[in-house]
Amino acid sequence: MYRAYIAGLFDGEGSISFDVRRKTKTQVNIRVYNTNKRALLFIKKKLKIGKVGPKKMGINTNHFGKKPIWWFIIYNCDDKLIFLKAVRPHVII
């Protein structure tokens, strides 16, 4: 059941992006952003993958009185596959 919850977080707050650094190197990024750090730690704990940390705010951005934003990111390629296999049955693409 927790995989459906994780898929819902990913569907609402997550993203997959492709970073082309050179003609021969492309990096796939999987991230979930949220103001609820505990929700992101839940993903990390249940799937045993990824990292959680605070999002750095830009210098010219006024964030006074706003909740801090946290990220969950997966760096390892094998872990990215684990994540995608876990959420795939529960997301609509």
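The values are calculated or read from the model by the stated rules, or taken from the named source; none is laboratory data. Source: prediction; values computed, not measured. Using ideal geometry, Cβ is built from the backbone for each residue, glycine included, and neighbour counts are taken over all protein chains shown. Ligands, DNA and RNA are stripped out before the accessible areas are found, and what is left, the full protein with its side chains, is counted by its heavy atoms. Shrake-Rupley method; radii C 1.70, N 1.55, O 1.52, S 1.80 Å.
Restricting attention to segment 22-54, the residues that are touching a Gly at 6+ places or on another chain (Cβ under 9 Å) and open to solvent by 40 Å² or more (accessible area, probe 1.4 Å) total 3. Taking residues in segment 1-24 that are closer than 12 Å to residue 90 by Cβ, and partners anywhere that are basic (Lys, Arg) and surrounded by 10 or more Cβ atoms within 10 Å (Cβ to Cβ), the pairs with Cβ atoms closer than 6 Å and at least 6 places apart or on different chains are 2/46. Cβ-Cβ distances below 9 Å connect the following pairs, each with a first residue in segment 66-89 that is touching a residue at least 60 places away in the same chain (Cβ under 8 Å) and over 14 Å from residue 53 (Cα atoms), a second residue that is in a helix (DSSP H, G or I) and acidic (Asp, Glu), and a separation of six or more residues or different chains: 87/11. Total residues in segment 22-49 satisfying the condition of being assigned to a helix (DSSP H, G or I) and among the aromatic types (Phe, Trp, Tyr): the figure is 1.
Residues that are open to solvent by less than 80 Å² (accessible area, probe 1.4 Å) and either of a type outside the set (Asp, Glu) or outside any helix (DSSP H, G or I) (or both) within segment 69-81 comprise 69, 70, 71, 72, 73, 74, 76, 80, listed in sequence order. Restricted to segment 1-21, and to residues there that are part of a helix (DSSP H, G or I) and not hydrophobic (A, V, I, L, M, F, W, C), the residue that is surrounded by the most Cβ atoms within 10 Å (Cβ to Cβ) is 13.
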